[in-house]
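To keep things clear, I will list the structure first and then write my remarks on it.
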Amino acid sequence: MKKQNLLFLGMFLTLCFSMLTGIAVKGEINTLKSYKATITPTIDGTFTEAEWADAYHTSFYHEPNPISNHPNDTIHIYIKNTQDKLYILFDDLPDNTSENYDNFYIYFDCNYDNLNDSNIKMHLDRDQENGDIGNSMVQWVMGFGISPNKQDRNHTIMEFAINITFSSSYDGTSRPDEMNNILPVGNSNNTIRIMFDTNQYVSGWMVPQSGNISIPSTYAELTLTPPANIPFGTPLVLISILIIATVSIGWTVSRKKLTIN
């Protein structure tokens, strides 16, 4: 009887875990990470798996508006950065159509003042004709084809490369042309607020899914990986070691000469 009870308990826990896992797939994405890039991806709207193998990866399940005729499926997100580029790829499995009206918005609150950084907002179209002021800081391509996540149906693949610098932080008001079209991300914790929004022609999703464009505190927090810095004391230690080693070798050689003489 005890074994039977344990068996039922195990089945119940397994069922609960499966349900929680399913909920987690649809769950809210409030935090994002960017890993250090060791491979530079080609921004061409094609998902080349080897180019994104070193990236942070997360995903969520999306159910588009039935009117759009897009199937329910998963959105995959890949993020990585170098010291001067932030690379992002969205593998949008639900978007099974390619239209010139496809567009994508990126909103920021880089300095955590709870105000939308409207002077660096990005509006990225598939045809690249229209846009916002922040577009000058980003290279992007919205492609259409198969991917490692879905090889039996063409869908939208979006690749971005945003110019960044860790040497300063954004003041909340500067325009891209006043910053050499480079986005400052050098906050104390290397974290910025960011929100992604697609229109219904793509498949009508947002990250965070319940984010509000007008309320930056609802944006996702993106933590970047800063370039590796050599601690200030390291060169001094190395120089000291070299000096000590040189003196020791010289002293040893001098002792040997005295012994021979």
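Does segment 114-135 hold any residues that are surrounded by fewer than 17 Cβ atoms within 10 Å (Cβ to Cβ), of a type outside the set (A, V, I, L, M) and in contact with a Pro (Cβ under 8 Å, 6 or more places away or on another chain), and which are they? Within segment 114-135, ASN114 is the sole residue that qualifies.
Entry remark, segment 158-199: residues being farther than 19 Å from GLN128 by Cα, among the polar types (S, T, N, Q) and touching a Lys or Arg at 6+ places or on another chain (Cβ under 9 Å) number 0 in total.
Exactly one residue out of ASP132, ASP127, ASP102 is of a type in the set (D, E, K, R) and touching a helix residue (DSSP H, G or I) at 6+ places or on another chain (Cβ under 9 Å), and it is ASP132.
Screening the candidates THR198, THR97 for the property of being over 30 Å from PRO227 (Cβ atoms) and surrounded by 19 or more Cβ atoms within 10 Å (Cβ to Cβ) yields one hit, THR198. The residues of segment 44-65 that are surrounded by 19 or more Cβ atoms within 10 Å (Cβ to Cβ) and of a type in the set (A, V, I, L, M, F, W, C), listed by number, are PHE47, TRP52, ALA55. Among the residues of segment 121-136, not a single one is assigned to a helix (DSSP H, G or I), out of contact with any Asp or Glu (no Cβ under 9 Å at 6 or more places or on another chain) and at pLDDT below 90.
The number of residues in segment 145-165 being more than 19 Å from PRO41 (Cα to Cα) and surrounded by 15 or more Cβ atoms within 10 Å (Cβ to Cβ) comes to 3.
When ASP113, ASP92, ASP54, ASP117 are checked against the criterion of being charged (D, E, K, R) and either at positive phi or in contact with an Asp or Glu (Cβ under 7 Å, 6 or more places away or on another chain) (or both), ASP117 stands alone in meeting it.
Only one of the numbered conditions (1) at positive phi; (2) out of contact with any Asp or Glu (no Cβ under 9 Å at 6 or more places or on another chain) is not met by GLY172, and that is (2). Can you pull out every residue in segment 167-225 that is assigned to a helix (DSSP H, G or I), of a type in the set (D, E, K, R) and touching a helix residue (DSSP H, G or I) at 6+ places or on another chain (Cβ under 8 Å)? Scanning segment 167-225 gives a single hit, ASP177.
The values are calculated or read from the model by the stated rules, or taken from the named source; none is laboratory data. Treat the numbers as computed from the prediction; the structure is a model and nothing was measured. Ideal geometry is used to build each Cβ from the backbone, glycine not excepted, and the neighbour counts take in all protein chains shown.
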